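Notes for the one structure printed next.
The values are calculated or read from the model by the stated rules, or taken from the named source; none is laboratory data. Keep in mind that what you see is a predicted model, and the values were worked out from it rather than measured. Here the Cβ is made from the backbone with ideal geometry for all residues, glycine too, and neighbour counts use every protein chain on show.
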Amino acid sequence: MEEITKVVFRKFKDGEKEVIAILFSVSDVNPGNYMSYMHVGQHGETTQDITSFTKLATKEEYSDLKKELETHFGYKLKVYRKIQRR
């Protein structure tokens with residue numbers, strides 16, 4: 001059975017159109033942080049305060065990024081609307 005990765009897609013409030021995927025169930029991060037992914041920069045870590053300078057992305061806005069994660073990296077994603085605090 002494939003592992004399902006929980007994800008929230010957000011976009012930056014500063015007018016940039018860049019979408020960031022916050023991936024849960026990925027353990028290769030420092031305690032209290034989340035794994036993230038963007039088209040530019042690709043995989044990295046983000047802190048829990050990511051919500052203070054981002055807002056929820058629409059399905060249309062994140063569809064390309066979701067496809068990239070599923071196609072190129074083999075993620076099986078379940079999309080959520082909120083970040084659950086640890």
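Couple of notes before you dig in:
- One residue stands out among those in the stretch 64-86 that are hydrophobic (A, V, I, L, M, F, W, C) and touching a Phe, Trp or Tyr at 6+ places or on another chain (Cβ under 9 Å): the one that is modelled with the lowest pLDDT, which is Ile83.
- Looking only at the stretch 17-31, residues that are surrounded by 10 or more Cβ atoms within 10 Å (Cβ to Cβ) and of a type outside the set (Ser, Thr, Tyr) come to 9 in all.
- The residue that is nearest to the chain's Cα centre (by Cα), among those in the stretch 1-32 that are of a type in the set (Gly, Ala, Ser) and assigned to a loop (DSSP other than H, G, I, E, B), is Ser25.
- Those residues of the stretch 33-60 which are in a loop (DSSP other than H, G, I, E, B) and surrounded by 10 or more Cβ atoms within 10 Å (Cβ to Cβ), in sequence order: Asn33, His39, Gly41, Thr47, Phe53, Ala57, Thr58
- Members of the stretch 19-55 found to be in contact with a Phe, Trp or Tyr (Cβ under 6 Å, 6 or more places away or on another chain) and not β-branched (Val, Ile, Thr), listed by number: Ala21, His43
- Every test in (1) in a helix (DSSP H, G or I); (2) surrounded by 18 or more Cβ atoms within 10 Å (Cβ to Cβ) is passed by Asp64 save one, and that test is (2).
- Matching residues, the stretch 19-46, being out of contact with any strand residue (DSSP E or B) (no Cβ under 6 Å at 6 or more places or on another chain), of a type outside the set (A, V, I, L, M, F, W, C) and under 23 Å from Glu61 (Cα atoms): His39, Gly41, Gln42, Glu45
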